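Participant: So that we are looking at the same thing, I have put the structure below in structure tokens.
The values are calculated or read from the model by the stated rules, or taken from the named source; none is laboratory data. Every value quoted in this text rests on a predicted model; they were computed, and no experiment measured them. Here the Cβ positions follow ideal geometry from the backbone for every residue, glycine too, while neighbour counts run over all protein chains shown.
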Amino acid sequence: MKRSFGKLAPLTLALRAGPSPRTRGEGAAKQRVRGALAAFLAFLATTAFADTVIRDATILTVSHGKIEHGSILIRGTKIAAVGPNDQVQVPAGATVIDAVGKFVMPGIVDTHSHTGVEGSVNEISLPNTGMVRIRDVLTNEDVDAYRELAGGTTCALVLHGSANPIGGQSQIVKWKWGHPVSEWPVADAPRTIKFALGENPKSSNFRPPPGTPLQYPQTRMGVEEVIRQAFTDAKDYAAKWADYDARKKRGEDPIPPRRDILMETMNDILAGKIDVHSHCYRADEIMMLLRLSDEQGFKIRELQHVLEGYKVAKEIAAHGVGGGTFIDWWGFKMEAYDAIPYNVALMDRAGVLTSVNSDSDELARRLNLDAAKAMKYGGLSEEEALKLCTLNGAKQLRLDHRIGSIDVGKDADVVIWNGHPFSTYSRVDTTFVDGEVVFDRQKDLQTRAAMAKEKADLLKKEADEEKKNKPAKKATDEEKSDE
Amino acid sequence: MKLRRFLIGIALFALYAPLLADAPGVYAIAGGTVHPVSGPAIENGVVIVRDGLIEAVGANVAVPADATVVDAKGKHVYPGLIDAQTSLGFPSATPPRRGRGAPATRPQSAATELPQTSPEFLAMHEVKLTDDDMDAKRATGVTTILTAPSFGIFNGQSVVLDLGGGTMEQRIVRGVAAQQISFNPRAAWTYPDSLMGVISYIRQSLLDGQHYAAAHAIYDKNPAGNQRPGESPSAVALGAVLRRDVPVVFIADSELMMRRAMAIAREFNLKTILSGARQAYRMPNDLKDVPVLVSVKWATAPAAKEDREEQPLRVIRDRVLSPTSPAALQKSGATYALVSGPGKTGDFIPGIRKAIDNGLSADDALRAVTLSPARILGVDRQLGSLDKGKIANVVVTDKPIFEKDAKVQRVYVDGREMKLPTEEDRARGRGTAAAGPLDGSWGLIVKASTGDVNINARFHVEDGKVIGTFSGDRGSGDIRNGTFDGTTLEFTIGVKATAEQEDWVFHGTLSGTTISGTVSTTLGTLPFSGSKSR
């Protein structure tokens, strides 16, 4: 129902404005028809605009503390009101969700996802593949997106892989399950790109087949050089266009330079139009990238993984760079040996904008628990820990004006839990994205039987048809040998 | 002596006359139910064929005195079917790189032109149709095909051919039908090796096509003081596409791939045809503005019941619903045709039948393999219906063509009657009775120092020349420089050895259904043996 909102809005607005001058003098019958139509549309509109009130829950706003016995009014795609029960009015016709004993928190933001990508997440062939775009290959048929909603995750940065120093352009999405994939990207979100440092881009974990040439770079020095070269080339490219524009202005008719979508990407990074999210582990390579960004004049928005971030947290903070990390994954490869679970708390305390993220379709379903662990490892407060999987990620994605906390005017991406989200016993009951229920546990349980029946029916239909067609098929189509 | 030679001559002529079919005759195909497609069926109708064209069609048409009368009483007469998407006459895998080994170093930037697959590739120059290919196709009532390779990204410029006699040049109906693009990533470590890379590659190539045109326009106007822009056959070919002179056929099966193709088409304002389209049932109303070639190579269920039950609902649902795509497109008013699809030839007629079982009327199905594809390919003024003046591609069947046990009994292509494979030929799975001892599939084993190398080869002998394809442990591709004199066989294949691409030259002797001999390789001479499959 909510989906019809967009289509109806202009109509209802027009009707609300009252009869236009053009309608004056029209026949009474026509007027009556119009009136009836208007009434009908108005009725539709009220259903489309239908408000939802989540009543009497413990609300973890993340931005302004915990509200016991609180209510949230969702109107359209936005949060219209939040506060103690007596301060939030229930409008007539609103759907009221009785959430006594339940907890509501903002949708979890995962700043490192590879969910919802068709085909390889790596364009592995070249050291710099900044021309490729995740948004070209998003798929709304990846069931992991739905499973992540069932774990309270509503928004993600879908990244290119880490096989090369400069990977592809990444995409910020909301898991709008059931919607066309064209509606998944967050429309006004910044463009992003993946960089990668360390073992992966120097091919330690991605070897070309034996007997074929190795891929440049093979060392951390080489990784640095690939990135430096890319920006150097980009500046040359921009200079060529500047020269072309200047000649054109002088009235000449020069041949334009060749448009190069990779070089355009690199220049968009330099212009601040594309945010860099860089995969990294070790302190030395982190420092390298920070210095390189100063040297070349580009901005790093977020360091990804950043497992040795605690060693250089002050420097990271001084650069205004965020860190998205794992809470307790360590030792899984050489460059993760110095990882410690206190990384999150240490970076956070040093002033680094820190989040926990998943890099995994599975972990993405329980980032709430990874955030909770930061209370144990380093003693963050509950609200500080909650921020790790919500508001801080939203800030790293530069979307905190829209998501990451329960505040009036923000997108209605909220999750109702049957207990505190930091308890391993808690489950998600309902997940809203843009005001629409995209996961509901009761509904899910109910549809399972229907889906099992549909499957059985389809298989039976198929088997029956095969039986019907088989004998004749053998007799007539002997020339076919497909099977 | 002279008389005997003369008699033998006559006997031979009588034997081979139907094969030669040198001159188009005058035929009156009379008495059958004529389905012109452009109009309603005509009971007891007559189709007059003269000089390769249709002279007349109707119920009360006088049979010319010079016509050979073909009695079609109780039979059905159709325009030859058009299969508007095939890869007939091309190997199914990427052919080996010719003469060059793998590069010693990896490229550091994206090359704009890829080997083996390029927009300038002309299918009409490279297609190698065997008699088997054409016989098998004609036996299903298909007289016209579109073909292009299925490998690579820019598959090249497809050709529309009549499956008639004569030379390849004589068969061509439209030399450049469309530019064909497939979303095929290349092998890992070669740009582009991911789907997103393929899309970027296509976009950059089209931008290069735009740049080429712009640069040349400026340079031609004023060469003095400007750098010479250089030549690019690929950009020239894409120029025709960007000017909308040549349509693009995007091979795209799923809803998402079709939408991705349409996004590229919008970005570059291309004249677009979608091909594959097996998920068209999910978006029939979004396909009203773009012609669609629906591949009837429907997905097949796993044989074992347990395997089926293990599949997710969405896979099963898609498999069951995709054959409803043609009916859904018919209902939405889209322009569509039914085709085999690129790659291996599948069950064309059974595939169409499945679409009919899933809600398409037989009349609509017929139009979707005659007049509709002719229109989509821009050849409807000469093909697609039984109308005066059109090319005389005519098919006669014993029953309505899509009925389960219907048989194609006569086929005319360009006004010539074509010999149909006999039941015996079909039973042997081959097209013509002329198949020699080498024709067919062979399993070859090369004894290398590192162990046996298995290669499957398919040979076809024509005038002492061996053509065919191979695949196996060391890659796949075409048989080259093949000769066969009845006992001695020689041919070359390009194989993937350790790091390099190299040629292996086979010399063998045939005895019955086995071959043995030697292979010349860069590592020396190796023994090989082989036996005929099946």
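Participant: Search region B:247-297 for residues being among the hydroxyl-bearing types (Ser, Thr, Tyr) and in contact with a strand residue (DSSP E or B) (Cβ under 9 Å, 6 or more places away or on another chain), and hand back the single one that is nearest to the other protein chains (Cβ to nearest Cβ).
Facilitator: The residue in question is B:254.
Participant: Please work out which residue is surrounded by the fewest Cβ atoms within 10 Å (Cβ to Cβ), limiting yourself to region B:187-199 and to residues that are touching a residue at least 24 places away in the same chain (Cβ under 8 Å) and at the interface with chain A (Cβ under 8 Å from one of its Cβ atoms).
Facilitator: Per the criteria, the residue is B:189.
Participant: Separate question: Listed residues A:114, A:64; which is within 14 Å of chain B (Cβ to nearest Cβ) and modelled with pLDDT of 95 or more?
Facilitator: Residue meeting the stated conditions: A:114.
Participant: OK, next. Only one of (1) surrounded by fewer than 19 Cβ atoms within 10 Å (Cβ to Cβ); (2) more than 28 Å from residue A:244 (Cβ to Cβ) fails for residue B:269. Which number is that?
Facilitator: With (1) surrounded by fewer than 19 Cβ atoms within 10 Å (Cβ to Cβ); (2) more than 28 Å from residue A:244 (Cβ to Cβ) applied to residue B:269, the lone miss is (2).
Participant: Next question, about the same structure. So, in region B:329-372, exactly how many residues are in a helix (DSSP H, G or I), touching a helix residue (DSSP H, G or I) at 6+ places or on another chain (Cβ under 9 Å), more than 13 Å from every other protein chain (Cβ to nearest Cβ) and more than 24 Å from residue B:178 (Cβ to Cβ)?
Facilitator: Qualifying residue count, region B:329-372: 2.
Participant: Filter region A:128-160 down to residues that are crowded, with 24+ Cβ neighbours inside 10 Å, within 14 Å of chain B (Cβ to nearest Cβ) and part of a loop (DSSP other than H, G, I, E, B), then give me how many there are.
Facilitator: Count: 6.
Participant: Give the residue that is surrounded by the most Cβ atoms within 10 Å (Cβ to Cβ), with candidates limited to residues of region A:78-120 that are over 30 Å from residue B:260 (Cα atoms) and of a type in the set (S, T, N, Q).
Facilitator: The initial filter retains those residues of region A:78-120 that are over 30 Å from residue B:260 (Cα atoms), namely A:78-106.
Keeping just the survivors that are of a type in the set (S, T, N, Q) gives A:85, A:87, A:89, A:95.
Numbers: A:85: 15, A:87: 11, A:89: 12, A:95: 12.
This residue is A:85.
Participant: Of all residues in region A:212-226 being in a loop (DSSP other than H, G, I, E, B) and in contact (Cβ under 8 Å) with a residue 24 or more places away in the chain, which is farthest from the other protein chains (Cβ to nearest Cβ)?
Facilitator: A:217
Participant: Follow-up. I'd like to check something: does region A:457-474 contain any residue that is free of Cβ contacts under 8 Å to residues at least 12 places away in the same chain, within 11 Å of chain B (Cβ to nearest Cβ), surrounded by 11 or more Cβ atoms within 10 Å (Cβ to Cβ) and small (Gly, Ala, Ser)?
Facilitator: Yes: region A:457-474 contains one or more residues that are free of Cβ contacts under 8 Å to residues at least 12 places away in the same chain, within 11 Å of chain B (Cβ to nearest Cβ), surrounded by 11 or more Cβ atoms within 10 Å (Cβ to Cβ) and small (Gly, Ala, Ser).
Participant: Same structure again: Of the numbered conditions (1) farther than 30 Å from residue B:57 by Cβ; (2) at pLDDT below 95, residue B:129 satisfies every one except a single condition; which is it?
Facilitator: Result: residue B:129 fails condition (1) only.
Participant: Being within 14 Å of chain B (Cβ to nearest Cβ) and buried (at least 20 other Cβ atoms within 10 Å of the Cβ) is the filter here; which residues of region A:259-293 pass it?
Facilitator: Step one: list which residues in region A:259-293 are within 14 Å of chain B (Cβ to nearest Cβ), which gives A:259-266.
Within region A:259-293, A:260, A:262, A:263, A:265, A:266 meet the criteria.
Participant: Go through (1) under 22 Å from the mean Cα position of the chain (by Cα); (2) at pLDDT 95 or above; (3) of a type in the set (A, V, I, L, M, F, W, C) and name the single condition residue B:299 misses.
Facilitator: (2)
Participant: Any idea which residue in region A:349-364 is surrounded by the most Cβ atoms within 10 Å (Cβ to Cβ), counting only those that are under 15 Å from the mean Cα position of the chain (by Cα) and outside any loop (DSSP other than H, G, I, E, B)?
Facilitator: Selected residue: A:355.
Participant: Right, here's the next one. Which of the following residues is farther than 22 Å from residue A:224 by Cβ, in the same structural domain as residue A:278 (by TED's automatic domain parsing) and crowded, with 24+ Cβ neighbours inside 10 Å: A:346, A:367?
Facilitator: Only one candidate passes the filter, namely A:367.
Participant: Please go through region A:112-123 and pick out each residue that is of a type outside the set (Ser, Thr, Tyr) and either touching a His at 6+ places or on another chain (Cβ under 8 Å) or in a strand (DSSP E or B) (or both).
Facilitator: Across region A:112-123, the qualifying residues are A:112, A:117, A:121, A:122, A:123.
Participant: Pick out the one residue from A:176, A:194 that is basic (Lys, Arg), in contact (Cβ under 8 Å) with a residue 24 or more places away in the chain, out of contact with any Lys or Arg (no Cβ under 7 Å at 6 or more places or on another chain) and away from chain B (no Cβ under 14 Å). First the steps, then the outcome.
Facilitator: Details: A:194 fails: away from chain B (no Cβ under 14 Å).
Result of the check over A:176, A:194: A:176.
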